[in-house]
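The values are calculated or read from the model by the stated rules, or taken from the named source; none is laboratory data. Small disclaimer: the values here were computed from a predicted structure and weren't measured. Every residue, glycine as well, gets a Cβ built from its backbone with ideal geometry; the counts of neighbours run over all protein chains shown.
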Amino acid sequence: MLNGNIFRKDQPDSTAQKTDRKTSTTSGLINANALQRAIKNPQLLTPSMVNQLQRTHGNQFVCRLIQRQETDDHEESHHKLSEGDPLPDFASMMKERSLDHISPEMVIDMALANLDDSKFQQQVWDNVQAETPSNKPKPTKADLKQGIEMMRKTVRKWIEYQSVAGVVDPLLDILGKSTPAHRIKKEAQRLLLPLVKQYALKHLSHMHSHEGRGSMYGGQLNESNRKRFADALKQMPIFTEFVQSAREGESPEVNTDGTEWKDSGNLKEMLDEEKDGTDEPDMGRFEQMAENVDRFYKQLVQKSILAQIKRPKIFVHWRKETGDNALRAYYKQNTVHLAMDEQEEIMVHEVGHHIEDKLPEEAWQDIKLLLMARHSSTRDSTDKAVGGEEGKFAGNYPETGQYTARAYSDGNSEVMSMTMQFLSQPEKLEALVDSDPIRVAVILRAVRPEDYQKTDALREFDYLLTWTTQGKSNKPIDLFADDETK
């Protein structure tokens with residue numbers, strides 16, 4: 001969450017004014033070095049800096065800058081866990097996903113209906129009247145009308161900014177606005193956000209779980225069965241091309257047959273620069289990377305699956321992955337963020353997070369059940385994360401390593417992203433399939449379910465997985481039960 005201390009709320013006005021004087025020139029502009037330091041570290045922002053950045057870079061740049069401390073760290077964006085923290089259970093992961101996937105249009109319509117409701121407006125009015133200090137003007141009915149209208153405009157931008165609190169509150173605080181209308185707006189926002197969450201949870205009627213067929217998800221296959229399963233996977237049409245190309249040391253040439261993203265186009269068109277540092281990226285290199293990554297996903301992901309997924313926005317930051325002001329690549333809310341010296345496989349990895357985030361429900365659940373089953377199959381397993389500062393599920397993940405089992409409280413994972421990263425590298429692809437066919441099967445069945453079902457050699461191994469592509473269980477999850485999912 002974005003916390004107030006990055007905006008120097010505890011700094012007296014007189015100190016802020018002194019800071020402005022020290023960093024100003026006779027022309028009234030902020031010293032360029034001081035502004036660059038503030039762009040790198042939003043804690044140093046002052047109101048005059050924000051005003052200048054609005055003039056020179058625009059409001060959207062300022063909003064993203066203010067949100068950056070919340071999202072710069074990859075683990076923070078996924079609610080990281082450390083060793084000893086409680087691992088999320090299946091029901092809690094489903095609730096988190098549901099809140100992320102409820103239709104934005106539905107939520108916006110609900111929010112606007114509340115803002116128009118006279119009882120809601122009266123509650124906002126009463127609360128602000130009661131809480132207004134004696135040294136500040138009491139809001140008038142005109143302020144109420146203006147504040148509600150301001151909130152309506154903010155609600156309509158939810159799709160663009162993904163967060164109300166992440167943009168509006170900090171911007172109002174840092175600019176020092178505290179008019180009665182702004183207080184009305186902020187109180188309307190405070191009352192509205194819990195209603196949004198309640199609404200989202202109430203309308204989750206299509207979440208499904210699967211029967212507990214996955215007793216072997218922990219990967220306990222003897223060497224003979226593991227080899228036979230891997231050989232069966234390689235009989236999938238997609239692997240005929242991918243594995244053969246890997247053996248020849250070439251990139252696969254797979255007919256994509258008109259496979260397109262939901263919004264059509266190429267990932268190259270989604271590139272943008274985030275000018276938050278001093279190291280200018282080679283955007284030509286990133287354009288070529290994006291074309292290669294786009295081709296890989298159009299080759300690997302089934303046409304009907306990719307057609308349901310819009311392209312993510314890809315921001316290339318003016319910062320390196322190491323050193324001062326370093327940026328660690330991350331994915332959050334339909335956007336990929338990369339350092340200016342990042343490699344192609346990391347772009348594949350982060351787009352893999354986007355693919356997992358948008359998977360059909362049963363496939364998304366499958367990945368979570370894989371993590372949980374491997375964790376519970378280890379000796380002395382508990383419901384606590386293992387692995388030190390970067391908390392993980394227990395279990396073995398050959399080739400891609402233990403980072404694959406990284407644990408996040410909101411149900412996100414590294415299984416799809418790490419597997420995709422390795423599948424995109426010909427020299428690593430076959431070794432991954434041979435060493436961990438169960439995990440590769442979970443991923444391939446998620447992104448190419450038709451090919452998986454048509455490959456007769458795989459039917460022998462359906463008993464290892466949580467559901468078969470025929471006769472899937474549609475037992476609903478009770479998202480409001482306090483105990484474990486039934």
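Kindly indicate whether any position in the range 397-419 is touching a Phe, Trp or Tyr at 6+ places or on another chain (Cβ under 7 Å) and surrounded by fewer than 19 Cβ atoms within 10 Å (Cβ to Cβ).
yes
Could you please find all residues in the range 352-395 being of a type in the set (S, T, Y) and either not in a helix (DSSP H, G or I) or not assigned by TED's automatic domain parsing to the domain that holds T419 (or both)? Outline the logic, then answer.
Filtering the range 352-395 down to residues of a type in the set (S, T, Y) leaves 376-378, 381-382.
Passing the criteria: S377, T378, S381, T382.
Report yes if some residue within the range 396-407 is assigned to a helix (DSSP H, G or I) and touching a His at 6+ places or on another chain (Cβ under 9 Å); otherwise report no.
First, pick out the residues of the range 396-407 that are assigned to a helix (DSSP H, G or I): 402-405.
Right, trim to touching a His at 6+ places or on another chain (Cβ under 9 Å) and you get 405.
Yes, some residue in the range 396-407 is assigned to a helix (DSSP H, G or I) and touching a His at 6+ places or on another chain (Cβ under 9 Å).
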## Note on the structure
(1) modelled with pLDDT of 90 or more; (2) surrounded by fewer than 18 Cβ atoms within 10 Å (Cβ to Cβ); (3) more than 18 Å from G352 (Cα to Cα) all hold for P281 apart from (2)
### Query
Quick check: is even one residue across the range 369-376 surrounded by fewer than 19 Cβ atoms within 10 Å (Cβ to Cβ) and under 26 Å from G84 (Cα atoms)?
yes
### Task
Could you figure out which of (1) under 24 Å from A91 (Cβ atoms); (2) surrounded by fewer than 19 Cβ atoms within 10 Å (Cβ to Cβ); (3) not basic (K, R) isn't true of E345?
(1)
### Task
Mind listing whichever residues of the range 307-327 are within 18 Å of the chain's Cα centre (by Cα) and either closer than 13 Å to D276 by Cα or crowded, with 17+ Cβ neighbours inside 10 Å (or both)?
I309, R311, P312, I314, F315, V316, H317, L327
### Task
Answer with yes or no whether A407 is under 23 Å from V293 (Cβ atoms) and in contact with a Pro (Cβ under 9 Å, 6 or more places away or on another chain).
no
### Residue in the range 130-141 that is modelled with pLDDT under 80, assigned to a loop (DSSP other than H, G, I, E, B) and crowded, with 17+ Cβ neighbours inside 10 Å present
no
### Message
Cβ-Cβ distance below 6 Å, separation of 6 or more or different chains: which pairs start in the range 438-456 with a residue that is under 17 Å from Q299 (Cα atoms) and end on one that is small (G, A, S) and assigned to a helix (DSSP H, G or I)?
### Response
A446/A363
